[in-house]
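One structure is given here, and the rest of the page talks about it.
The values are calculated or read from the model by the stated rules, or taken from the named source; none is laboratory data. Nothing here was measured: the structure is a model prediction, and the numbers come from that model. Heads up, the Cβs are rebuilt from the backbone with ideal geometry, glycines too, and the neighbour counts pull from every protein chain shown. Only protein heavy atoms, including side chains, enter the accessible area calculation; ligands, DNA and RNA are left aside. Shrake-Rupley method; radii C 1.70, N 1.55, O 1.52, S 1.80 Å.
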Amino acid sequence: MKAATAEDKRWTRKHLLGLEELSADEIRFVLDTASSLKEVSTRSVKKVPALRGKVVVNAFWEASTRTRTSFELAAQRLSADVIDFSESGSSVSKGETLIDTARNIEAMGIDVIVIRHPAAGAAELLSRSVRCSVVNAGDGAHEHPTQGLLDLYTIRERFGGKVEGKKVAIVGDIANSRVARSNVWGLTKLGAEVMLVGPPTLLPRSFEQLGARVTHDFDSVIGEVDVVNMLRVQFERIKSSQFPSVREFTSMYGLTWDRFQRCKKDVFIMHPGPMNRGIEIQSDIADGPQSGILQQVTNGLAVRMAVLYLVTQVGG
Amino acid sequence: MKAATAEDKRWTRKHLLGLEELSADEIRFVLDTASSLKEVSTRSVKKVPALRGKVVVNAFWEASTRTRTSFELAAQRLSADVIDFSESGSSVSKGETLIDTARNIEAMGIDVIVIRHPAAGAAELLSRSVRCSVVNAGDGAHEHPTQGLLDLYTIRERFGGKVEGKKVAIVGDIANSRVARSNVWGLTKLGAEVMLVGPPTLLPRSFEQLGARVTHDFDSVIGEVDVVNMLRVQFERIKSSQFPSVREFTSMYGLTWDRFQRCKKDVFIMHPGPMNRGIEIQSDIADGPQSGILQQVTNGLAVRMAVLYLVTQVGG
Amino acid sequence: MKAATAEDKRWTRKHLLGLEELSADEIRFVLDTASSLKEVSTRSVKKVPALRGKVVVNAFWEASTRTRTSFELAAQRLSADVIDFSESGSSVSKGETLIDTARNIEAMGIDVIVIRHPAAGAAELLSRSVRCSVVNAGDGAHEHPTQGLLDLYTIRERFGGKVEGKKVAIVGDIANSRVARSNVWGLTKLGAEVMLVGPPTLLPRSFEQLGARVTHDFDSVIGEVDVVNMLRVQFERIKSSQFPSVREFTSMYGLTWDRFQRCKKDVFIMHPGPMNRGIEIQSDIADGPQSGILQQVTNGLAVRMAVLYLVTQVGG
């Protein structure tokens, strides 16, 4: 932790809203901080007193297992107190605005609001209305920066510290994916080459403006990539006009056994979870030796510890 | 904290059920205790070990953001453990009685039950059935004593320690409001003059028996009051026979800009939240310099810390 | 706690899945450990640092007040961190498998998963998929081992340490009851004589194979038993073809006042809760001096502390 304090000129942000706004150096600094914190989770006593007496509020306006639990564990591991503020049972159902709710939470003397919200821009809106730190845990189809950071961390770890020059395919419903967006920002800043793969209805050409290659033909790139990051098919969000059927999706964009065998020998397989086994990813591949899926979860905790730690070190 | 222990003859109650039963001196003692605890929330490490190893159970049979969160934070700040016991997922849905549930919770060795319940008298009923402390967090239309106390705290703070002689208007649906009731008891005991303002269907004359003035004409008193406490319009509870329309409510009883300008220059504006902006209160006024609305929230935490602390100091 | 460490050859299990698999000596060892931990709950500071920095996840796929709260309090009392993972708001609603969910939770570095699940065998399935400890908090109609242990603890305590030779009647819907099953295993291993009592549709003869006596006539055994353990009538699970009416159930299998008077003078009355007062048990009996119902709740906490402590002492 001393490294972070001594070098805190490297981190001056009170909020983490997205990866678009971060510099490559800032991203590397979060990953380095996560690296030094990851070891805490392997101890018998999985706790450091870094944030003792601080309060983190999980304000989730969308259901989530992993992300909410991951932030809660990350906060606990830093000895912070955590309050869960979930939609049901809250004033939100009484028609209160997001900002009123947040201001009220803040008036109780809390240090960080971790927000997940269906509206793009919700985290930023919040950060302009409160004095405490805001961490974006997913805002609509905009960004999910801690997912982007944990994916970067996992790729960096897998390739001995080097992200630059790696070819990363992100596959699926790109248009609706905040995970894809945060990954594109992060990966390109660190010098990776990103290929976005998906059907035209779910992957507009405009994504090239983010600095990524866009292709609708998975098979044309499958043999050249170092990393395949399969997105979850969100049936509930995809309209029937956008894709004919699940079976067709799997046959064109699923990571099937056949496709996997045409990958590079040391290809690294990722998925943000929760998986639809047998749909976007074959079960054996997800559980196989080249899968980094559970490492992503483990690293997510370290990344979130780093983020909570860093944003709370920045004064008013 | 020593003051409390040394002077504990000033507080001998194991439960906080309502303000009706408290003496002026008891109320002042809670406010003084809150005052000495408020500073904890401004520390970097927002925690004192006062209730370490004690267990507080939040038993809420009605949804609530602020109150539940406020109690949870208050308990954490005193280093107590907090268990959340919410209606859904509980035995209540299996038809168990309130008292059976409470006795079972108590048998697990807990120290305080904080109860919110739709039935007036639920907290008192509970207090006669269990040996642990009971704190009423709102029972039907009966009382919401910690809200009353935090309102008193905020008024006292605003007027340099003096509540006596202040004129306080409480405006809106008085008949259904436990907030109003607890405020009337507390304010009159401390020597304030209370005016209850609302339509005849929501404010029976019988409220005069509580020691308050009753008026159905907001404009007739607007110029003379030191404090305006606007209640939330609870659309879900008001029957259409009781009031013609929201628009008419606003025009007759809302704190509009026009009405605000006819107030005393240093009038103090309060609202227990969550607000219906533009209905019972104009948005600009709520966010303006004379509004104490967020201070109420901040003080609520200190008051709840004081209450949890005091009731647990009283033996079996 | 030293006793446990010194004699840890007496406990070598990483998981607690059921009482069927435990030896009499293992059961006695859990009860002895619970006995030494029970005193913690009577202290002013109800906390020991035994599991500081450990993480317990409550993963409940079925609603429960007591069991979930009891485990949460037990973990807190040992200074563990507790994460609540309830069905709603989780990835389960997104169709994720039990095992994927559990592996993901585990990848976050947790020590114990306490699982309640509607499917018999869910806890065992989980234990084969994760490296952390698994504690069964009820799996379908299979087992509820901590309930069995707390019932044993309460009987042992009531009869001065002696379970052997006691006659215990378990009454009600035996076929669907994991509580009955765990009790039968535990009681017979410790040398008690178990009588299962219920209507033929809810109590097949095959239960004799577990080593219990089976009878459909409550009155024929009422006078000879030392303990009557009344199960909850689960209206929601019993089909109308299995029993004609609630009234008839009460008249044939309820613990009425009349039946109670035909019991032994020092008969001990138990119920796992929540009770249907007036249906399977008369209210006065439940609250009377021979009832151990609230002691069961108190002992449940001690037993769960013991279980959480013991399973986490067993290495990888």
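Let's see how each residue does on (1) touching a residue at least 60 places away in the same chain (Cβ under 8 Å); (2) part of a helix (DSSP H, G or I); (3) open to solvent by 10 Å² or more (accessible area, probe 1.4 Å); (4) not aliphatic (A, V, I, L, M):
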| site | (1), (2), (3), (4) |
| --- | --- |
| C:LYS9 | no, yes, yes, yes |
| C:ARG28 | yes, yes, yes, yes |
| C:SER35 | yes, yes, yes, yes |
| C:SER44 | no, no, yes, yes |
| C:VAL48 | no, no, yes, no |
| C:ARG52 | no, no, yes, yes |
| C:VAL56 | yes, no, no, no |
| C:PHE71 | yes, yes, no, yes |
Looking at (1) at pLDDT 95 or above; (2) open to solvent by 10 Å² or more (accessible area, probe 1.4 Å); (3) assigned to a helix (DSSP H, G or I), which is the only condition A:SER79 fails?
-> (3)
Could you please let me know if C:ARG103 is assigned to a helix (DSSP H, G or I) and assigned by TED's automatic domain parsing to the domain that holds C:VAL228?
-> no
In region C:127-154, how many are within 13 Å of chain A (Cβ to nearest Cβ) and hydroxyl-bearing (Ser, Thr, Tyr)?
-> 1
Would you confirm whether any residue within region A:132-152 is open to solvent by 10 Å² or more (accessible area, probe 1.4 Å), part of a helix (DSSP H, G or I) and at pLDDT below 95?
-> no
Matching helices (runs of 4 or more DSSP H) fully within region B:206-316 where at least 3 residues are open to solvent by less than 30 Å² (accessible area, probe 1.4 Å) and within 27 Å of B:ALA137 (Cβ to Cβ) | B:293-311
Here the residues within region B:243-263 that are in contact with an Asp or Glu (Cβ under 8 Å, 6 or more places away or on another chain) and of a type in the set (S, T, N, Q) are B:THR250
Please state which of the following conditions B:ASP173 fails to meet, knowing it meets all the rest: (1) within 30 Å of B:SER245 (Cα to Cα); (2) under 13 Å from the mean Cα position of the chain (by Cα); (3) crowded, with 24+ Cβ neighbours inside 10 Å.
-> (2)
With respect to A:VAL92, determine if the residue is modelled with pLDDT of 95 or more, under 23 Å from B:PHE60 (Cβ atoms) and at the interface with another protein chain (Cβ under 8 Å from one of its Cβ atoms).
-> no
Restricting region A:11-21 to residues that are assigned to a loop (DSSP other than H, G, I, E, B) and touching a strand residue (DSSP E or B) at 6+ places or on another chain (Cβ under 8 Å), the one farthest from the other protein chains (Cβ to nearest Cβ) turns out to be A:GLU20
Just to be sure, is B:ARG237 within 14 Å of chain A (Cβ to nearest Cβ), among the basic types (Lys, Arg) and within 20 Å of B:THR154 (Cα to Cα)?
-> no
Is there any pair with a first residue in region A:188-209 that is more than 12 Å from A:LYS167 (Cα to Cα) and without any contact (Cβ under 8 Å) to a residue 60 or more places away in the chain and a second that is buried (at least 17 other Cβ atoms within 10 Å of the Cβ) and acidic (Asp, Glu) whose Cβ atoms are under 9 Å apart and which are 6 or more apart or on different chains, and what are they?
-> A:GLY198/A:ASP173; A:PRO199/A:ASP173; A:LEU202/A:ASP173; A:LEU203/A:ASP173
Listed by first then second residue, the pairs whose first member lies in region C:258-274 and is within 14 Å of another protein chain (Cβ to nearest Cβ) and of a type in the set (A, V, I, L, M, F, W, C), whose partner is part of a loop (DSSP other than H, G, I, E, B) and open to solvent by less than 30 Å² (accessible area, probe 1.4 Å), with beta carbons under 7 Å and at least 6 positions apart or on separate chains, are C:MET270/C:GLY292
Candidate set: region A:55-76, residues that are facing another protein chain (nearest Cβ under 7 Å) and modelled with pLDDT of 80 or more; chosen: the one farthest from the chain's Cα centre (by Cα) | A:VAL55
Taking region C:95-126 only, how many residues are surrounded by fewer than 22 Cβ atoms within 10 Å (Cβ to Cβ) and more than 14 Å from chain A (Cβ to nearest Cβ)?
-> 6
With respect to the numbered conditions (1) acidic (Asp, Glu); (2) within 14 Å of chain A (Cβ to nearest Cβ); (3) out of contact with any strand residue (DSSP E or B) (no Cβ under 6 Å at 6 or more places or on another chain); (4) open to solvent by 30 Å² or more (accessible area, probe 1.4 Å), which one is the sole condition not fulfilled by C:GLU157?
-> (2)
Residues in region B:189-205 that are part of a helix (DSSP H, G or I) and either of a type outside the set (A, V, I, L, M, F, W, C) or surrounded by fewer than 18 Cβ atoms within 10 Å (Cβ to Cβ) (or both) total 4
Only listed residue being assigned to a strand (DSSP E or B) and touching a helix residue (DSSP H, G or I) at 6+ places or on another chain (Cβ under 8 Å), chosen from C:ARG181, C:ARG116, C:ARG156 = C:ARG116
Of the residues in region C:119-131, those that are part of a loop (DSSP other than H, G, I, E, B) and of a type in the set (A, V, I, L, M, F, W, C) number 3
For region A:275-302, how many residues meet the condition of being under 27 Å from A:ILE27 (Cβ atoms), among the polar types (S, T, N, Q) and within 11 Å of chain C (Cβ to nearest Cβ)?
-> 4
